[in-house]
Each structure stands twice: as C-alpha cells, then as structure tokens.
Amino acid sequence: MLNDKLLNPKSIAVIGASNNVSTPGGSVLRNLIKHKFKGVLYAVNPKENSVQGIKCYNNAHELPKVDLAIIAIASKYVLETVQVLTQHKNTKGFIIYSAGFSEKDEEGAKLEQEIVKTIKEVNGILLGPNNIGLLNQNYAGVFTLPIPKITSKGVDFISSSGATAVFIIEAAKRTGLTFSSIYSVGNSAQIGVEEIVEHLDEIFDKEKSSKVKLLYLESVVNPKKLLKHCISLAKKGCKIAAIKAGSSKAGSRAASSHTGALANSDIAVDALFKKAGIIRCYSKSELITVASIFMLPKLKGKNIAIITHAGGPAIMLTDTLSKNGLKVPKISNIKSAKLLKQLYNGSSVSNPIDFLATGNAEQLGIIIDYCEHEFPEIDAMVVIFGSPGLTNVYDVYNVLHNKIKTCKKPVFSVMPSIVNVKNEIEEFISKGNITFSDEVDFGNALGKIYNCKRPKSIKNSTQNTDINTIRKIINNSNDGYLTPEKVNKILEAVEIPVVQQVICKSKELCIQTANKMGFPLVMKVVGPIHKSDVGGIVLNINSEQNLLNSFNELMQIKNATGILIQPMKKGLELFIGVKKESNFGHLIMCGLGGIYIEVLKDIQINLTPVSKDLALEMIKNLKSYKIIKGIRNQEGIDELRYANIIEKISTLVTIAPEIIELDLNPLIGNSKEINVVDARIRIEKSVIIQ
C-alpha cells in the first residue's frame, strides 16, 4: 500500500519551509540537508526566494513536478495545496505535519477526509496529518531531534504518537539501540500502524530487512490485519514488541454474564499480542530494553552466569531472573576452584561470580573465558560493572567489547554508573555495543522474551460437527438469549456432553421427571439471568416432599417461567466462556467454575481459533492447575477432555459468529467425564464478525 514516492522519493518539496529552524518547516529542511538527502529539494514560502540555501518558490503552483510533499502550513490551506500538487505536479507522496483535523473537531475531520479523497484519486499515499514524519535510510523527513543512527541492522519503529516517538528515540541513544526506519502515523487518516506492519511484511527480505519491529499504539483499528501480518513476520524470523497505551473502556453494552464481566478491550489486546507473538510492554524504558535484547544473540537456554564486582545488583538480578523462570545455577567443580585461585582473596565463583570492587579487566576476561569454555552448564553471561568514580574503566569495557564479539554464548552488559563512567559507556556504545543501566529492568525483559512463545496459525476442524443444525437454530432465532432447549441442541451439534435436564412447569411433571432420573436432583429457576443471585438453585434434592417444596419456592421468584431439573453430578466445577469483543473477534476463557470464577478471577484468555494444544496450554497456565490436576488425594479432571471441549467451543463460534456471549458455568468434571450443567448463549445478528 505504501508507495515508492513516499519511501524513496527522488524529489521533495517542503511546503512551509523556513529559515527559522525552530519551526517544523525550517527544522525538517535542515534535517534533510544535514543528513544528505540525495534527491532534489524544493522549498515553498510566499515571503522568501531562498531558504537555507535552497531555491524557494512562492506557492505550490510554481513548483516543478515533485514526488513527495512535506506540508507544514496552517490546516485551512492544506486541501488547496494538495489539490494543486496532485492535479498539476504529479505528487503521490504526502507527509502532513499540520494539526487541526480529526483530532480537533467534526469540521476538521471533514477536511481531513477531503484531503484523503483527493490523494487517493491519484493513487497517492498520505502519512499523517498531525505527525512528526518519516525517517528511513533514504531521507530524514522529520522535523524533530535527535536524529538517531539509521542502519539496515537497526529496528523498524512505528508510532501513533510523534512525541512518544521522540522520547523513545532519545531513550534508545542511551542503550546503543539503532533504527532502520521510524514512522509516525499521527491521525492515521489513510494509513495507520496496521498498514505499515502489512507493508513491512510484504516487502520483507531475510537478507536486508530489519528483524525487529517496535510498535506504539493508542488504538488497534484493525486487529485481524495486525494479527495476520505479525504472525507472518514472526514466521520469517522477526521479533516484535509493542506498547498499547490506554486501557479501553467497557463496551456500551452492559455485561450480562460472567464472561461479559470478565472480558474487555484491554484483555482483548493482551490476547491478540499473545497470539501474535508480540511482547507487550508498559513503558518506554521497557520497550527499549526488550528491543535492545532482541538485537543481541538469542538466549538458547535458561542457565545464566552473573559476573559482577558489586554484590547488591547481582542479588537483585538473581531474584528477578528466578521469578521469571530463568536460573542462576551454582557453579562448584574442579575448574571453578581453579578460577577462584586467579582472583583476589574474598572473591566468589559459585554464581553470581563476584570478583570484588578491586577486580580488574584481566580478571573479567578470565572469568568470561571460563564461562564460555569451561562451564558447559552456562548458557549466557550477564556482566554488571560500574565504578565508584575513583578511576576510569575504559580497559574493563574494552575487554567486555572484545568478549562480546568473540564469545559464542550471549554476553549481556549492565552498566549502572551512568554518571561516573558516562564517557566510557559512550565509547562502548560507539563501537556498536548495546548496554543496560538497570539490572532488574533487564532481568524482567529477558524473562519476558525467554517465556514468549512463537505464534502458530490455527484453524479449527468442523469434523463431526452438525453445521446445518447450528445454522438453522441461529437463523431462526431472534437477538438475545437462546432458550435452554436451543442451547442444548447447539451443544449437542458440536458433541459437547450436557447433563440430562427437563424443564417442568407443573408439580406433576416434576414428580414424573424425578422418578425417571432418580434422586438426588438439582432444581434451577428458568427465567432470571443470574439464578444464584436470586436464590434460584436448590441442590441435593433427595425426596418427593423436598422436590415439591422447592418447586413452590422457586416459582415465587420474579420472572420465573419454569423449573429445570437435572441429576446431581459430583466433581470439580469448571468454566468456559466466550465473548465477542468489538472488532477483535471472539475471546475464549477457561478456569474453575461456579462462584470461583468471580471470587478468584483465575482465568486464561485467548483469541479464537483455539486448538486442543493451545487449550491444554491455557489449562496448565491456570493458577488453579494443581486443583484441576488433582491435589491431596482429591480426584482431578480429564485435562484432554476439557481441552477438547474448549476447542469445540472455538469451532462453534466460527460456525456461528453471531454468538456474542456464551457461558458454560459450571461444567462438572472428574477423571471419567465432563458435562455441561448450566449454559447460556446470547446472539446478535447485527454484529457478525467478518
């Protein structure tokens, strides 16, 4: 979708160019000149004949043909300028810095739409408006500073916010992170984050393209496009991290089920990122730390050696790595004893390897060599080295630089003395190295990366599914909750076992049903949405008199239309839920059922489709997994059967996208069977997922 006129123009006109570099038009022209744009530059300013040494035209009509226009003028003049450029100057690339459009008011939104329409008519592309521009290996089309190092080995960064992009660029300079391209989408009038991710996927070249993508999003406009292309990029070897700012508000529709109360748009973002293999970050520093680790050799095992001259940071890093599932294994053998003899008295090599505040560059080199060649149990090293400010540490960082370049095992550098050894760190970074200033931030980021699973493409099978029955019920039903009879037929159509049940509207039918099912029984009121909230459930009914008394009591409840009778099942209460969340699709949830779903809120959530393997992974990630597995002589459940039902529900909502809420709560499970005891399905035909 992005064109070459935007990405690699042969000519650029700055509309609103100025000799005053404190203005966007003046600053971008300076950046283009300073960073040696190889094409032809034009300036447009009604009051100047020359701007920063570039020939200046008084208006767009006077310009020759031009590939790209960077527009930095008042919003009220933008449409007319765009019309001139598209109709007379063959311009098909546009970056509009100007504000005062859809972010301002309805009138601005209409003006923005007219600009997009005009550009689309000539197959042009607009980045913005209300942004800071585009920076890539061809030109510096931004009006901001600093301009980071741009290299094919850097990261691609796409940001909804121009200011946030600037702050992240600044933070990246302190770690040594470099960039391949930076896109600021602003109002995303024509192209947004998703379209640029799509473009990066479609042009990806495994030899030339950056393999690290960073995103800053303030909204996810097209989740399915983002998911599709992030999965595609991941399969090509790319690593992706993102910030999604702002927890979305609950939908305008009031949640009327357990599932509806538990799921929201921010949870949907989590599920989307998890499925796409995107590491979600919550701050600029976390994003930079994750991205910086991405740029270093991949961690292939979980055993880390911490090499330090300061005990405190090493202890904190050990704690952090351990909490994230990584290990700092004890090193104790003949070779470690030999290493200890080469260090100062009082040093420790058990891991963390502490060679004291007096430790020197030579000793650091020896320690790294032992970890590289003599300790096969070690998969990677983290070196923490700063200074109290008494002497410089250039020699230490030179040794570290050389070892990073030559070691096969990853060597990560944490340099906490950002004031005392500022100059040494700058020199270390200038050699192409990446460093980290905080050991805890580094440890948390490394843990996130190590534990992130690569995304998989999943497609549910409809084998043994009665699609015709499901579609017939949905097509012949009105919006709202389906009747219990229809719900049961739908579940049977996907081969999900349901506890035998009969709806009774008379005492006589209750007695007949009880005689067929046998005691003990469960009685539930039919009508009210939340039965337990209105006292609409009676358990362990074990006599005819108890049955009749319960019938009388339940039928007194407001909105009661009948009584549902089921045999009393024994086992663990489980939960499966589905919620359609705006344009993300269906979220599927699982966990312990009954009241525990509300009290513990121990649930796992994923976007459909969900395979049996992914369902098993969800089950095993529950905090209550030990209960599900069986604990203290308590019988567990059949996990495979539970996962199979989750997969079948995923298949169901694929067949019937009109389902916007589904609750199976509870299912009763044991080692031999799992049956649905209570189920609700709500449909809305006006919100079918495409």
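In the chain, a dipole from Cβ-located charges (positive for Lys and Arg, negative for Asp and Glu) runs towards its positive end, and of VAL526, ASN324, SER181 it is SER181 whose Cα lies farthest in that direction. If r is the Cβ-Cβ distance from ASN392 to ARG174 and R0 is 22 Å, what FRET efficiency results, to the nearest 0.05? Efficiency, from the Cβ-Cβ distance: 0.70. Think of it as helices only: each DSSP H run of n ≥ 4 in the chain is worth -39500 (n - 2.57), and spread over all residues that comes to -11000 deg cm²/dmol at 222 nm. Taking 0.36 nm per residue of sequence separation and removing the Cα-Cα distance, the GLN634/LYS570 pair yields an extension gain of 21.8 nm.
Give me MET316, MET1 sorted ascending by neighbouring Cβ count inside 10 Å, so fewest comes first.
MET1, MET316
Mind checking which of SER152, LEU7, ILE496 is farthest towards the positive end of the chain's charge dipole, using Cβ charges of +1 (Lys, Arg) and -1 (Asp, Glu) about the Cα centre? Of SER152, LEU7, ILE496, it is SER152. The simple Förster model, with R0 at 60 Å and r as the Cβ-Cβ distance, assigns ASP613 and GLU374 a FRET efficiency of 0.95. Shown here for the range 105-209: trypsin sites (Lys or Arg not before Pro) in loop regions (DSSP other than H, G, I, E, B) with at most 11 other Cβ atoms within 10 Å, namely LYS206, LYS208.
Per-residue Cβ neighbour counts within 10 Å put HIS199, HIS88 in the sequence HIS88, HIS199, beginning with the fewest. Couplings 3J(HN,Hα) for the range 517-529, derived from phi with the Karplus relation 6.51 cos²θ - 1.76 cosθ + 1.60 (θ = phi - 60°), are 7, x, 7, x, 10, 10, 10, 10, 6, 9, x, x, 5 Hz, where x marks Gly and Pro.
Express the relative contact order of the chain as a whole percentage, based on alpha carbon pairs under 8 Å and six or more residues apart in sequence. Show your work: numbers first, answer last.
Working: 1396 pairs, mean separation 60.8, N = 690.
The normalised contact order for the chain reaches 9 percent.
Sequence-ordered 3J(HN,Hα) estimates for the range 112-128 from the Karplus curve with 6.51, -1.76 and 1.60 and θ = phi - 60° stand at 4, 5, 5, 5, 4, 4, 5, 5, 5, 4, 10, 6, x, 10, 10, 9, x Hz, glycine and proline given as x.
The ranking of MET381, MET568 by Cβ neighbour count inside 10 Å, starting from the fewest, reads MET568, MET381.
Using the Cα centre as the reference, give the magnitude of the dipole from point charges on the C-beta atoms of the range 304-433 (Lys, Arg: +1; Asp, Glu: -1; all else neutral), rounded to the nearest 20 debye.
Charge dipole of the range 304-433: 280 debye, to the nearest 20.
If you take every DSSP beta bridge whose two residues both sit in the chain, what share of them, in percent to the nearest 5, is antiparallel? Before the final figure, lay out the partial values.
Working: 50 of 102 bridges.
Of those bridges, close to 50 percent are antiparallel.
Computed over the range 148-294, relative contact order equals 26 percent, with contacts defined as Cα pairs under 8 Å that lie 6+ residues apart. What's the center-to-center distance, using Cα atoms, between the range 465-523 and the range 201-220 in Å? Taking the Cα centre of each part, the range 465-523 and the range 201-220 sit 49 Å apart.
Ordering SER671, ASN303, GLY447 by the projection of their Cα atoms onto the charge dipole of the chain, which places +1 on the Cβ of Lys and Arg and -1 on the Cβ of Asp and Glu, puts ASN303 at the extreme positive end.
Place a +1 charge on the Cβ of each Lys and Arg in the chain and a -1 charge on the Cβ of each Asp and Glu, then give the dipole magnitude about the Cα centre in debye, rounded to the nearest 20. It would help to have the intermediate numbers written out before the result.
On the way: 84 positive and 65 negative charges, 243 e Å.
The dipole magnitude comes to about 1160 debye.
Under a Cβ-only charge scheme (Lys and Arg +1, Asp and Glu -1), can you give me the dipole magnitude of the range 4-130 about the Cα centre, in debye to the nearest 20? List each step's numbers first, then the result.
Values: 16 positive and 12 negative charges, 134 e Å.
Dipole magnitude for the range 4-130 comes out near 640 debye.
Since every read-out is calculated from the coordinates, none of them should be taken as a lab result. It should be emphasised that the depicted structure is a prediction, and the values quoted were computed from it without experimental measurement. Quick reminder, even Gly has a Cβ in these numbers, built from the backbone with ideal geometry, and neighbours come from all protein chains shown.
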